[in-house]
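J.: Pasting a structure here, questions to come.
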Amino acid sequence: MKTMDILDFFLRTREAQRALHQARSRLYRVAYAWCHSAALADDLVQETLTKALQKSSQLRDPKARDAWLFTILANCYRDHFRRSRDMEDIDELELSLEATPETESSRAQIITKVRAAIGRLPQGQRQVVTLVDLEGFSYIEVAQILDVPIGTVMSRLCRARNAMKAILLPEFQQNPEAAAPGIRRIK
Amino acid sequence: MSQEKRFSDEFLNAFVDNQLAPEEKSRAFVDISQDQDLNRQVCELRKMHDLVQHAYREPPAPPAAKNSGRGRARINLRFGVAASVLLVLGIAVGREISLPTPYRQSLAAGATTTEDTAAVGSNGTVPADPARGNAQEIKQPRVLVHVTNDDTARLNQALDDIESLLTHYRHAHQNARIEVVLNGKGLGLVRADTSKFAQRISQLQKKYKNLTFAACQNTIDRLKREHGIVVRLLPGVTVIDSGMAEIMRRQDQGWAYLQV
């Protein structure tokens, strides 16, 4: 009985640790979408994984692992802004992407515009929209991760997408026309 | 207008994010595909969803300076490689979207080649031009179903939805066209080695000549490059250059867009 317990514990811990490392890039992607700062996102992920590894034995249901990890990330993110409220303004973290020769490609332009639009959303809306769209979490999972009621998740998502539509749709309607003359040029 | 009220913004978002119960979704599926305005709204929401995914597919690599270590170097290398692949892909996709090639046209479903060629050729003009096509062709319901999922239950539900849509149009004596575009994980549905629905797809293809399955070449290439998988497709599945480009082309041509 005892041996089984120990064996089980080790297997579960090893499995959990391996999975945590695999989750790194996904956590980073979402953290980056939240704060738009590579350095801060990296720190948050580091902190999240450290906490997760310490608490990995708490995770009973491996299926809930993803939601659990992102809950830790959300807490780290919230703590970060609680700690450094005087030093950093969330609005200051808005995109600082600048046009470089690489961004001339239309794909890069789209990415820059979408990130800028997301950067303009209030923090809560940004978190909901990225958890749903990037990680494919259900509304219930998002409500648990962010510790808000499901109705709030739905209304934030709704407002976020409407705001993004207002910013982005006019941009994309111009695009094909803008591209057309370039293609027709013969000289 | 009444339908617009019936479906709140929250409901449409939940539809887009697949958060509805199966029977609720099936009902909404048919309603939305028949209502142009609802369709446009769903399409726009879907676009927002895709854009967010697109924008963060490759976030910038974390700064290397702070904690140098083997793991970090590896991660940076990985991001670097991913970024260069992304750049090449970006150029390819960008060119493809702005420059539809004859290659692409030849891949279009045989029965409607003329329609496709004309729509592509007009480059930017709305295909519903009364001076060009006949009125019947313009009214033809055309639905693009985008599959990016490999969940068996959802795929099963999707095939049910597609079939009910096809049956609906057949009973209504409407000559509809439905194109199922498969990319990402969705490609599994038409891979000969992985598909659990080979027989069902074959039956559907036999029964409905107006149904086409189109697999994304980019996904096929990526599977080969990253996982060494040589994809074999089910019989009758056509190949398109890029799933995303196809969706944008079809939307420009006025097709309804639904994702599962």
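The values are calculated or read from the model by the stated rules, or taken from the named source; none is laboratory data. Please read these numbers as outputs of a predicted model, since none were measured by experiment. For neighbour counting, all protein chains shown are included, and Cβ atoms are generated from backbone atoms with ideal geometry for every residue, glycine included.
J.: May I ask you to verify whether B:R46 is of a type in the set (K, R) and either facing chain A (nearest Cβ under 9 Å) or farther than 17 Å from A:Y139 by Cβ (or both)?
T.: Working: of a type in the set (K, R): yes; either facing chain A (nearest Cβ under 9 Å) or farther than 17 Å from A:Y139 by Cβ (or both): no.
So B:R46 fails the test.
J.: Would you kindly identify the helices (runs of 4 or more DSSP H) lying entirely within region B:1-62 that contain at least 2 residues that are farther than 20 Å from B:L159 by Cβ?
T.: Here the list reads B:2-6, B:9-16, B:36-55.
J.: Looking at A:S57, is it at pLDDT below 90 and surrounded by 13 or more Cβ atoms within 10 Å (Cβ to Cβ)?
T.: On the way: at pLDDT below 90: yes; surrounded by 13 or more Cβ atoms within 10 Å (Cβ to Cβ): no.
Against the criterion (at pLDDT below 90 and surrounded by 13 or more Cβ atoms within 10 Å (Cβ to Cβ)), A:S57 does not qualify.
J.: Could you please tell me which pairs satisfy a Cβ distance under 7 Å, a separation of 6+ or placement on different chains, a first residue in region A:40-58 that is within 14 Å of chain B (Cβ to nearest Cβ), and a second residue that is not in a helix (DSSP H, G or I)?
T.: Pairs that qualify, where the first residue is within 14 Å of chain B (Cβ to nearest Cβ) and the partner is not in a helix (DSSP H, G or I), are A:A41/B:P62; A:D42/B:P62; A:D42/B:P63.
J.: Scan A:E141, A:E104, A:E92, A:E98 and give me the residue that is modelled with pLDDT under 95, more than 9 Å from chain B (Cβ to nearest Cβ) and surrounded by 15 or more Cβ atoms within 10 Å (Cβ to Cβ).
T.: A:E141
J.: Under the condition of being among the basic types (K, R) and within 13 Å of the chain's Cα centre (by Cα), which residue from region B:203-260 is farthest from the other protein chains (Cβ to nearest Cβ)?
T.: Per the stated criteria, the residue is B:R250.
J.: What residue, of A:V148, A:V153, is within 14 Å of A:F70 (Cβ to Cβ), within 12 Å of another protein chain (Cβ to nearest Cβ) and either assigned to a helix (DSSP H, G or I) or of a type outside the set (K, R) (or both)?
T.: Going through A:V148, A:V153 in turn, just one is within 14 Å of A:F70 (Cβ to Cβ), within 12 Å of another protein chain (Cβ to nearest Cβ) and either assigned to a helix (DSSP H, G or I) or of a type outside the set (K, R) (or both): A:V153.
J.: In the set A:T50, A:T3, which member is at pLDDT below 80 and either outside the structural domain of A:Y139 (by TED's automatic domain parsing) or touching a Ser or Thr at 6+ places or on another chain (Cβ under 9 Å) (or both)?
T.: Step by step, each of A:T50, A:T3 is checked, and only A:T3 is at pLDDT below 80 and either outside the structural domain of A:Y139 (by TED's automatic domain parsing) or touching a Ser or Thr at 6+ places or on another chain (Cβ under 9 Å) (or both).
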